[in-house]
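For reference, the structure discussed in these notes is given below.
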Amino acid sequence: MPATLRQIAEKLGVSVNTVSAILNKGRGSLYRPDTRQAVLNAARELNYRPNASARATRTGKFGCVAMLQSVDPVRSALLPGCLEAVQQVLGERRLHLTFAAFDDEELLRGERLPQILNEWSADGLLVNYNKQVPPKLEDTIREGGLPAVWINTRMKSDCVHPDDLAGGRLAAEYLLKLGHRNIGFANYWIGSRDNLEDLHYSVRDRYAGYAAAMREAGCEPRWIWEEKPPRAEDRVTFTRRWLQASHRPTAVIAYHPFTALPILHAAMTAGLHVPRDLSLVVFHNDVVPEFDLRPTTVLLPERETGRLAVEMLLAKIDGRAAIQPPRAVAMRLERGDTCAETRP
């Protein structure tokens with residue numbers, strides 16, 4: 001039979017409040033390390049299990065956050081580092097995460113969202129809709145009065161996302177400082193120029209930041225993008241065509257590694273040296289070597305985005321904040337082997 005807080009306290013000769021603070025309230029840092037460890041060891045030895053029902057009755061909270069997302073994975077992509085940070089921060093506060101994936105039409109029925117929270121015993125929502133967001137979903141969440149924060153999505157309020165606009169500018173300004181003036185922006189991965197509004201905001205923002213920096217430097221922005229994205233098997237051939245054109249770019253910013261890889265492959269098979277003949281910057285969550293080169297990378301702040309989203313949501317759940325302004329998380333550029341100054 002699981003032990004009670006009182007039994008653990010009696011075994012160690014400490015107060016019940018001390019045991020409760022360390023095991024159930026996330027206040028272990030207020031106590032000496034040896035006291036914390038003794039309580040944890042005794043809880044393990046006596047098979048202590050927190051009484052979730054009692055805690056919910058006492059606090060009015062379930063100790064749970066639900067991640068709300070679509071059954072369509074295209075609409076609810078989440079980077080691994082972001083999810084890891086969400087789980088870590090919740091774990092540090094002795095909270096847990098549950099996933100709620102629903103058909104969009106079902107979710108948009110006004111009475112369904114409060115019902116979801118009751119069924120899932122959740123105190124608030126992390127909304128993981130980041131592409132083709134149903135038009136009424138934001139209103140449905142707000143009208144339901146539920147604490148919610150959007151993650152990796154740019155909304156008017158209550159959202160945390162990477163600062164892709166500044167990231168695009170960062171990449172362009174770095175190449176401009178190296179002397180490049182003919183700089184392209186390439187995206188083979190998703191969407192086309194004809195349906196920008198249906199794409200993840202980062203496609204538009206990275207290009208907009210790049211284009212603004214180019215125009216301020218007196219240079220013309222250049223999309224390297226077909227009407228429809230080339231198929232994976234056609235990307236190297238498509239890239240080789242524009243690399244062999246008379247006025248090809250001397251540098252390229254790749255939206256995603258799925259664009260950067262065929263560019264590197266095509267450059268090498270076309271007899272171009274990277275970075276002597278062509279410089280390349282890519283957006284990614286890590287510096288991943290390709291063809292023995294470490295790409296110069298604008299690093300996506302995955303973990304920081306996840307951490308800040310949880311902190312914003314917990315502030316709303318605890319009543320410390322109502323409507324929060326959007327939070328754009330800064331990116332940084334990691335220099336690699338794929339950029340060089342332009343040659344005379």
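We did not get these values from a lab; they are worked out from the coordinates using the rules stated. Just so we're clear, the structure is a prediction, and the values are computed from it rather than from any experiment. No Cβ is skipped: glycine too gets one built from the backbone with ideal geometry, and neighbour counts run over all protein chains shown.
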Report task. Measure out, as a whole number of angstrom, how far apart the alpha-carbon centroids of region 122-168 and region 65-94 sit. Result -> 13 Å
Query raised in the report: Stretch Arg93-Leu293 to full length: gain in nm at 0.36 nm per residue minus the Cα-Cα span?
Result: 67.9 nm
Query raised in the report: Within region 227-294, which trypsin sites (Lys or Arg not before Pro) sit in a loop by DSSP and count at most 13 neighbouring Cβ atoms inside 10 Å?
Result: Arg231, Arg276
Query raised in the report: About its Cα centre, how strong a charge dipole does region 164-300 have in debye, to the nearest 20, once Lys and Arg get +1 and Asp and Glu get -1 at the Cβ?
Result: 400 debye
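Note down the magnitude of the dipole of region 294-338 about its Cα centre, charges +1 on Lys and Arg C-beta and -1 on Asp and Glu C-beta and zero elsewhere, to the nearest 20 debye.
Values: 8 positive and 6 negative charges, 13 e Å.
I would put it at about 60 debye.
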**Report entry** Ascending count of other beta-carbon atoms within 10 Å, so fewest first, for Val281, Val14, Val71
**Finding:** Val71, Val14, Val281
Requested in this report: Counting other beta carbons within 10 Å of each Cβ, put Trp225, Trp150, Trp242 in order, fewest first.
Outcome: Trp242, Trp225, Trp150
Query raised in the report: Which ordering of Met155, Met331, Met67 is given by a fewest-first count of other beta-carbon atoms within 10 Å?
Result: Met155, Met67, Met331
Report summary line: Looks like region 164-300, by Cα gyration tensor root eigenvalues a ≥ b ≥ c and the a/c under 1.5 rounded cutoff (else prolate when a/b is bigger than b/c, oblate otherwise), is rounded
